[in-house]
Amino acid sequence: MTTQDPKALLETFANPHPNREYEIEINCPEFTSVCPVTGQPDYGTVTITYSPDQKCVELKSLKFYIQSYRNKGIFYEKLTNDILNDLSAVIEPKWMLVTGDFNARGGITTRVTAEYIAEGMEEE
């Protein structure tokens, strides 16, 4: 059985306004993965906010990418950073923020936020 790299699922299209500074916010409120310790399902909302440069992510492909985590045993910290790494590598935004807000398990909620800033875009 061949396992496809989830990043290969992501498709892009040309930014229709590459000379304009603007933000895109995408909410994925039905995110599901699996706890690698207990094997129990984890649920949450993943929010992706970015300022595009030359490319934008195509949403249907993003849906399939997000669904690739459904049966994956992975910690919140890793999956949030993996999503950031994969998306920023594919669309090369000016900046990107990925936030995972995970539902309560055992009375504890978790929010993980990871940020990408393109080289040369850092604030001075």
### Task
Return the residue satisfying two criteria in turn: it lies in region 80-109 and is within 17 Å of residue 30 (Cβ to Cβ) and touching a strand residue (DSSP E or B) at 6+ places or on another chain (Cβ under 6 Å), and of such residues it is surrounded by the fewest Cβ atoms within 10 Å (Cβ to Cβ).
103
### Query
So which residues in region 46-67 are in contact with a strand residue (DSSP E or B) (Cβ under 9 Å, 6 or more places away or on another chain) and farther than 14 Å from residue 90 by Cβ?
46, 47, 49, 51, 63, 67
### Task
Just name the residue that is farthest from residue 13 (Cα to Cα) out of those in region 110-124 that are modelled with pLDDT of 95 or more and either among the β-branched types (Val, Ile, Thr) or out of contact with any strand residue (DSSP E or B) (no Cβ under 7 Å at 6 or more places or on another chain) (or both).
110
### Task
Using the structure shown, decide if residue 90 is assigned to a strand (DSSP E or B) and either in contact with a helix residue (DSSP H, G or I) (Cβ under 7 Å, 6 or more places away or on another chain) or of a type outside the set (Ser, Thr, Tyr) (or both).
no
### Query
What tally of residues in region 34-69 results from selecting those that are of a type in the set (Val, Ile, Thr), loosely packed, with under 14 Cβ neighbours inside 10 Å and in a strand (DSSP E or B)?
0
### Task
Kindly indicate whether any position in region 2-23 is assigned to a strand (DSSP E or B) and touching a Pro at 6+ places or on another chain (Cβ under 8 Å).
no
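The values are calculated or read from the model by the stated rules, or taken from the named source; none is laboratory data. As the structure is a prediction and not an experimental result, all values here were calculated from the model. When we count neighbours, we look across all protein chains shown, and the Cβ atoms used for this are built from the backbone with ideal geometry, even at glycine.
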